[in-house]
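Trainee: One structure is given below, represented as structure tokens, and several questions about it will come after.
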Amino acid sequence: MSPGESRRTAAGVLLLIALVGGCAGAAEPPARTASQQAPEVKRDRKPVERRFPQFGNFTGVAWAAAPLGVADSRVPGPTDVRMSGVVTLAKADVRRLLKEYHWAPAEELPDVLGSVAPRVPAGAAWRTSEAFTSAVTGEAYSASFHLDPVAGVMVFDAVDPTAVEGS
């Protein structure tokens, strides 16, 4: 091999390494986690009422929503959204929920978006109900609901909760 050919070959190899190395980081897909920026906590009742009419006529709410993953306009299709919140239930609705569904002691604490977490009461006696979760979601999306009947608080966390028709 002549000196000119070996320089061209070496330059070609270096160019190939630079191209492959530059593309390596871009090939990894983004993680499917909630947005890195803490979503704003809202107190608007309507979005929660439309998605969770089973809560009844609640007296207070704090909730937030965040897209899962990294929003990318190059990827077609809808973006999944995680919605978490803390709802103060009316006493009549706590009684109704306890009567209509079997609530067992929760095995885990509620898991919510970071900006909602400070609003989750500490030391609560959380209870969960598979029947209630099934009734709310209709098996169409994933969600968890934690009820503290003594404090009258419901904590929810759902991915892509759909609004109920007619609400």
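Trainee: In what order, largest first, do T137, T88 sit by accessible area if the probe radius is 1.4 Å? Spell out each step's value before the answer.
Mentor: Numbers: T137 10, T88 55 Å².
Most to least solvent-accessible, the answer reads T88, T137.
Trainee: Listed highest first by mean packing, meaning other Cβ atoms within 10 Å per residue, what order do 104-112, 155-163, 128-136 come in? Please list the in-between numbers first.
Mentor: Numbers: 104-112: 13.7, 155-163: 18.9, 128-136: 16.0.
Per-residue Cβ counts within 10 Å, averaged per peptide and sorted highest first, yield 155-163, 128-136, 104-112.
Trainee: Which values of log₁₀ I(q)/I(0), to two decimal places, follow from the Debye formula for segment 73-167 at q = 0.10, 0.18, 0.21 Å⁻¹ with a uniform point scatterer at every Cα?
Mentor: Values, matching the q order: -0.29, -0.86, -1.13.
Trainee: Right, here's the next one. How long is the gain from S134 to E165 if the chain were fully straight, where each residue apart is worth 0.36 nm and the alpha carbon distance is subtracted?
Mentor: On the way: separation 31, 0.36 × 31 = 11.16 nm, distance 1.69 nm.
Extra length from S134 to E165 when fully extended: 9.5 nm.
Trainee: With every protein chain in place, what's the accessible area of W103 (1.4 Å probe, Å², nearest 10)?
Mentor: Accessible area of W103: about 10 Å².
Trainee: What number comes out for accessible area per residue over segment 85-150 if the probe is 1.4 Å? Units Å², please. Don't skip to the end; give the middle numbers.
Mentor: Details: 3760 Å² over 66 residues.
Solvent-accessible surface per residue comes out at 57 Å².
Trainee: Shifting gears a bit: For the residue pair E100 and E40, what label-to-label distance in nm results when each label sits 7 Å from Cα along the Cα-to-beta-carbon direction?
Mentor: Label at E100, label at E40, 3.3 nm between them.
Trainee: How much accessible surface does D80 have with a 1.4 Å probe, in Å² rounded to 10?
Mentor: Answer for D80: close to 50 Å² accessible.
Trainee: Under a cut-off of 12 Å between alpha-carbon atoms, report the aspartates and glutamates in cross-link reach of K99, not counting same-chain residues fewer than 8 places apart.
Mentor: none
The values are calculated or read from the model by the stated rules, or taken from the named source; none is laboratory data. Everything quoted here is computed from the prediction, not taken from an experiment. Ideal geometry is used to build each Cβ from the backbone, glycine not excepted, and the neighbour counts take in all protein chains shown. Just so you know, the surface numbers come from the protein's heavy atoms only, side chains and all, with ligands and any DNA or RNA stripped out. Shrake-Rupley method; radii C 1.70, N 1.55, O 1.52, S 1.80 Å.
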